[in-house]
Amino acid sequence: TLQKVSYAEFLNFKEMSDTNKIAAMKFLHLLILYTFLSKQDYLPIVIIQSMQLTLNHGICKESCVALASCSYLLCEFQDFEGSEHIGSLSTGLLERSKAQEYRSQVHLCVYGGVYGFKNLKLCVEPLMDGYRVGMQTGDIQHAMFNANCAIKVGIASGLNLKELERSIKKFGKEMIEYKQTTVYTQMQPMAWAVSDLIHSTDENNMERNSLLKQAVETNSLVVECDMYIFGAFVAYIYNNYDLAAYLVQKRRELEKKMSRKSFLFGLIAFYDGLIFLAMAQKSSEFEWTSEVSDVMSKIDRFVQIGKSNNEHKLLLLEAETKSRLGETDKASKKYELAIAAAEINGFVHEQAIANERAADFFLRNNDRIKASQHYGRANHLYIQWGAQGKANNLCKNIPF
């Protein structure tokens, strides 16, 4: 119904006046966060009930949260067009109703959802705004979830790792101070990934194993899944492809138990593809064609939603595929296009990865001059990103 309603028409909907219905909306509003954290199978039911009350009885302040939650849910089910439309209705209603107390929740769902798929670079500041307003209005829990999401978007969009590390430490202290243990635990896999890329250290292995064991024992699927996701990212970047592939397999096994999978703005599909192709380069026996074909179709769809996020990702996957097939001229051109697109779109970390993969390609094809040039650029870009640990590792392992 709402997909047929324009922005202007929706904002002219009647106000909800029935006090019982308003009370019901407030109760459902409380249930949204509870079901999201603890009973995800019930989340769609709660959101649908909130939406039906809004459509049948008029809008109230809580309607903007219902709309934002609906947008987030549609995004997870990959209805990006519907998600964007309802997300825009949510933010419009938020401004119209001056529901400042709900800004943190709306920003979390919309900028941590469909707008992230469209343009990651534009989402960090609205999420930080959600954090600041949440702290000001006393909505500490949603403030911290906004902070956590801002870190996730920051990693995905290639923000400087040293700045992210400082933010993680700041938010971590606040999460502990305000007893926000759930979101603090959820932030740890990202904190370790950032630390590993900066410092190249394994000193937290005991702590990580403890958290993984705790996540398994308490059935904390989101935390366990994020440990596999970010662990695979770091393993791939450090060229530990066997470990990366193992962690992808562990994540996929876990996803069978989960009601919904994480897409992380297309980043998971991208790294899955890179890892499969790396394993294919390593062993001719590795069956990769169907897996990579599936990944490429996903990334191609993400390009249609957010070109600036995904154009260079698709080009790099195409370059790696052409390399694996022995189509050297086409591969060479695709690598250069991927590097250029990553630079234009401002993804310094993926520009670094593309340069390193190009260097590997030229080295395999006995062009040591071009290989040396691309390794040098990759090293410079890793340092620019703040990944000093990776840069040191690259210098140590360049094969000449």
Right, residue 102: open to solvent by 40 Å² or more (accessible area, probe 1.4 Å) and assigned to a helix (DSSP H, G or I) or not? no
Considering only the stretch 202-214, I want to know if a residue exists there that is in a helix (DSSP H, G or I) and at pLDDT 95 or above. no
Identify the single condition in (1) under 13 Å from the mean Cα position of the chain (by Cα); (2) surrounded by fewer than 22 Cβ atoms within 10 Å (Cβ to Cβ) that residue 150 does not satisfy, given that it satisfies every other one. (2)
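Restricting to the stretch 372-400, and then to whatever is charged (D, E, K, R) and surrounded by fewer than 24 Cβ atoms within 10 Å (Cβ to Cβ), can you tell me which residue is modelled with the lowest pLDDT?
Among residues in the stretch 372-400 that are charged (D, E, K, R) and surrounded by fewer than 24 Cβ atoms within 10 Å (Cβ to Cβ), the one modelled with the lowest pLDDT is 396.
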Of the conditions (1) surrounded by 24 or more Cβ atoms within 10 Å (Cβ to Cβ); (2) among the hydroxyl-bearing types (Ser, Thr, Tyr); (3) within 23 Å of residue 31 (Cα to Cα), residue 91 fails just one. Which one is it? (1)
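Can you pull out the residues in the stretch 356-371 that are crowded, with 16+ Cβ neighbours inside 10 Å and more than 20 Å from residue 317 (Cβ to Cβ)?
367, 370, 371, listed by residue number.
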Residue 226 being charged (D, E, K, R), surrounded by 22 or more Cβ atoms within 10 Å (Cβ to Cβ), at pLDDT 90 or above and farther than 19 Å from residue 393 by Cα: yes
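The values are calculated or read from the model by the stated rules, or taken from the named source; none is laboratory data. Nothing here was measured: the structure is a model prediction, and the numbers come from that model. All Cβ positions, even for glycine, are placed from backbone atoms using ideal geometry, and neighbour counts span all protein chains on display. Please note that ligands, DNA and RNA were not included when accessible areas were found on the heavy atoms of the full protein model with its side chains. Shrake-Rupley method; radii C 1.70, N 1.55, O 1.52, S 1.80 Å.
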